[in-house]
Amino acid sequence: MFLRPLDPAADGAALHRIFGDPDCCLWLPEPATPDIETTIAKLKEWYAGFADTSWVVCETPDGPALGVIAFYNTGRDADIWEAACMVAPAARGRNYAARGLYAAIRYLFENTTARRVFADIDPDNRASIRTFEKLGFTREGVLRGEWKTHIGIRDSVIFGLLRTDNLTDIANPPELITA
C-alpha cells in the first residue's frame, strides 16, 4: 500500500468510483457527482491549496487511486487541521483508511507545526467513527444541527487528536510518497 500525491485530473476517473457513488457520498454535504468531469472539478476545488497534505491510496506507487486521505487547514489556526478519508467500496475491508490516516498523521506531526488534528463525522457514519477511534482519537462532543446537507440538517461528532496524545500504532502502514 502507498500514499502518493493526489492529482485531480489523473486520479479523477478512479476517484469517481467514490465521489460518483450515492452510498459513498451519503454523509457529505453534497450528493454524488454525476460524471467524471464534475468529479475532477470538485477534486480541484476541494484540494486547492492542500497539495502537500492530500494523497491517494493505491496498491502500487503508480496504481489507480483506491481512496483519498487529506488534511485541510481551515485558516482559523495554522496548527489545527481537519482530517478526511474515503475509500472505494471495492477496496474496503483492508484497513486502508486507518493505515493511510496513521501514516499521514505521523507525516503531518513530523513535518509541520500542527498541534491538533480533528475529524467532523456524521453520527450515523459508524465506519468513520470506528476508524478514528481505532487511531486513538478522542470523542470531544456533538454539534447539533451543524450541517445543511443533501439529506437534511445533520449533527457532527467531533473527534480530536493532539500532537501530545498517543496515536495508536497501526500495522503495515503505507509508504508515503511526497511530491
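At a glance:
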read-out: Region 72-147: C-alpha gyration tensor shape, a/c 1.5 cut-off, then a/b vs b/c; value: oblate
read-out: 222 nm mean residue ellipticity, helices alone, for the chain (DSSP H n ≥ 4; -39,500 (n - 2.57); rounded to 500); value: -8500 deg cm²/dmol
read-out: Residue-normalised accessible area of the chain, expressed per residue, 1.4 Å probe, Å²; value: 50 Å²
read-out: Where the Cα pairs of the chain fall when distances are cut into 5 Å bins, in %; value: 1, 8, 17, 22, 22, 18, 9, 2, 0
read-out: Cα-based shape type of region 11-79, given that a ≥ b ≥ c are square roots of the gyration tensor eigenvalues and the cut on a/c is 1.5; value: oblate
read-out: Most mobile listed residue (T39, T112, T138) in the chain, GNM with C-alpha springs under 10 Å; value: T112
read-out: Carbon and sulfur %, accessible surface of the chain computed with the full protein complex present, 1.4 Å; value: 51 percent
read-out: Stretchable slack from T138 to E30, in nm (0.36 nm times residue separation minus alpha-carbon distance); value: 36.2 nm
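The values are calculated or read from the model by the stated rules, or taken from the named source; none is laboratory data. Source: prediction; values computed, not measured. Side chains are part of the model used for accessible areas, which takes the heavy atoms of the whole protein and leaves out ligands, DNA and RNA. Shrake-Rupley method; radii C 1.70, N 1.55, O 1.52, S 1.80 Å.
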